[in-house]
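Before any comments, here is the structure.
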Amino acid sequence: MKTSVFFFLLGFVCLSQTVRAQDDDLLKSLDQPTTQTFTSATFKGTRLINGHTVETVKGKHLDFLISHRFGRLNSGVDNFYGLDEASIRLGLEYGITDRLTAGVGRSNIQKTVDLYLKYRLLRQSTQGSPLSVTLFASDAIVTEPTRSNASSTLYYNNGERQNWTFQALIARKFSDRFSLQLMPTLLTLAKPEQGPKAIPAVGIGGRFKVSKRVSINAEYYARFLSESDQLTAPGGVKSYNAVAVGVDIETGGHVFQLHFTNSQGMIEKQFLSQATGNFFKGDIHYGFNISRTFSFDRKSKKDW
């Protein structure tokens with residue numbers, strides 16, 4: 001009898017210790033934060049084609065960008081199908097943090113200097129946000145001199161040279177191959193005689209990978225203007241909605257982008273208000289973007 005009671009008490013103690021240990025393990029697992037897997041490389045670079053993507057430059061890294069647009073393909077053999085003329089933009093983007101990027105660029109179209117900030121508000125993840133959201137704001141400053149002839153724009157003060165763009169870049173990576181992005185946009189022009197001063201627009205763009213290092217990209221911006229609003233580029237030329245298609249090629253630390261677009265300008269102020277070609281009638285500019293990233297992070301062993 002005593003032996004049975006002893007073994008009963010021993011078994012009860014062992015069972016109690018087992019249950020307590022299981023409870024402690026459960027409480028520990030509840031105290032630990034749920035790990036999230038963030039989506040990476042929604043797009044390969046900070047540019048889709050003309051416009052920006054949700055991607056920001058990694059903290060303490062510098063991106064150097066060269067953008068080039070030739071003349072129109074339908075300009076004929078006398079203009080070597082557009083290769084005899086070209087526009088260029090040089091730009092630098094620095095990652096202040098992984099989520100905040102500051103950039104500056106200079107293009108020869110109206111000798112424009114553009115300054116901008118990008119802030120990654122949300123990042124797509126398995127346990128969190130289904131979307132990536134980046135906020136973008138830029139100031140495009142026209143620095144061309146004021147001329148007296150009637151075909152050039154006259155500037156009476158520095159405020160008339162500045163053009164602001166605000167965007168919310170909203171993207172989702174649906175698979176390893178396919179990403180889609182929406183770009184609600186507001187552009188404010190400093191020279192209202194070129195059309196309405198505030199231009200609301202929505203862009204849509206996407207990326208489809210055809211191989212490990214090659215993808216096909218497309219981009220379109222629709223402007224919301226009334227029939228009475230007439231938007232013209234400098235010189236009184238009609239402007240169209242921006243359309244672009246292209247190919248991205250990744251080569252190590254470089255991203256090489258080849259594309260066709262109806263805009264010769266390479267920043268928001270230019271391709272939203274100064275795309276003077278009708279893409280579907282052959283007014284197409286061939287162009288390319290090249291980017292190279294440099295690391296200033298001593299802990300980083302190689303370029304990102």
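The values are calculated or read from the model by the stated rules, or taken from the named source; none is laboratory data. Fair warning: this is a prediction, and the values are worked out from it, not measured in the lab. FYI the Cβ positions are ideal-geometry reconstructions off the backbone, even for glycines, and counts take in every protein chain you see. Keep in mind that these areas ignore ligands, DNA and RNA; they rest on the heavy atoms of the full protein, side chains included. Shrake-Rupley method; radii C 1.70, N 1.55, O 1.52, S 1.80 Å.
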*State the number of residues belonging to the range 76-90 that are outside any strand (DSSP E or B) and of a type in the set (S, T, N, Q).*
1
*Positions within the range 96-114 being assigned to a strand (DSSP E or B), open to solvent by 30 Å² or more (accessible area, probe 1.4 Å) and β-branched (V, I, T), in sequence order*: V104, V113
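Inside the range 249-294, can you point out the residues that are of a type in the set (D, E, K, R) and at pLDDT 95 or above? Full working, then the answer.
Looking only at the range 249-294, we keep the residues that are of a type in the set (D, E, K, R), and these are 250, 268-269, 281, 283, 292.
E268, the sole residue that qualifies.
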_Checking the conditions here, which among G71, G45 is at pLDDT below 95, closer than 21 Å to S107 by Cβ and assigned to a loop (DSSP other than H, G, I, E, B)?_
G45
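In the range 120-129, which residue that is touching a residue at least 24 places away in the same chain (Cβ under 8 Å) and under 18 Å from the mean Cα position of the chain (by Cα) is least open to solvent (accessible area, probe 1.4 Å)?
The residue in question is Q124.
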_Considering only residues that are in contact with a Lys or Arg (Cβ under 9 Å, 6 or more places away or on another chain) and loosely packed, with under 15 Cβ neighbours inside 10 Å, which ones fall in the range 71-84?_
N74
*Checklist (1) open to solvent by 10 Å² or more (accessible area, probe 1.4 Å); (2) part of a strand (DSSP E or B); (3) farther than 18 Å from L258 by Cβ applied to E93, failing item*: (1)
*Out of all the residues in the range 164-191, which are over 22 Å from L231 (Cβ atoms) and buried (at least 23 other Cβ atoms within 10 Å of the Cβ)?*
L169, A171, S179, Q181
*asked:* Any residue at all in the range 206-221 that's of a type in the set (A, V, I, L, M), at pLDDT 95 or above and crowded, with 17+ Cβ neighbours inside 10 Å?
replied: no
*asked:* I need the strands (runs of 3 or more DSSP E) fully contained in the range 163-261, keeping only those with at least 2 residues that are of a type in the set (S, T, Y) and closer than 22 Å to S273 by Cα.
replied: 178-188, 214-223
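Please go through the range 115-145 and give me each residue that is farther than 13 Å from E55 by Cα and outside any strand (DSSP E or B), ordered by number. Give the steps one after another, and end with the answer.
Initial filter on the range 115-145 (farther than 13 Å from E55 by Cα): 115-116, 125-130, 137-145.
Passing the criteria: T126, Q127, G128, S129, P130, T143, E144, P145.
Looking at the range 130-139, can you tell me whether even one residue there is farther than 29 Å from L65 by Cα and at pLDDT below 90?
Quick first cut of the range 130-139, residues farther than 29 Å from L65 by Cα only: 130.
Then drop every residue that is not at pLDDT below 90, which leaves none.
Checked the range 130-139: no residue is farther than 29 Å from L65 by Cα and at pLDDT below 90.
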*Only residues that are touching a His at 6+ places or on another chain (Cβ under 9 Å) and open to solvent by 30 Å² or more (accessible area, probe 1.4 Å): list them for the range 282-299, please.*
Y286, F288, I290, R292, F294, S295, F296, D297
*Any pair with Cβ under 9 angstrom, 6 or more apart, that starts in the range 213-234 at a residue that is under 13 Å from I199 (Cα atoms) and free of Cβ contacts under 8 Å to residues at least 24 places away in the same chain and ends at one that is open to solvent by less than 50 Å² (accessible area, probe 1.4 Å) and part of a strand (DSSP E or B)*: A222/A201; A222/G203
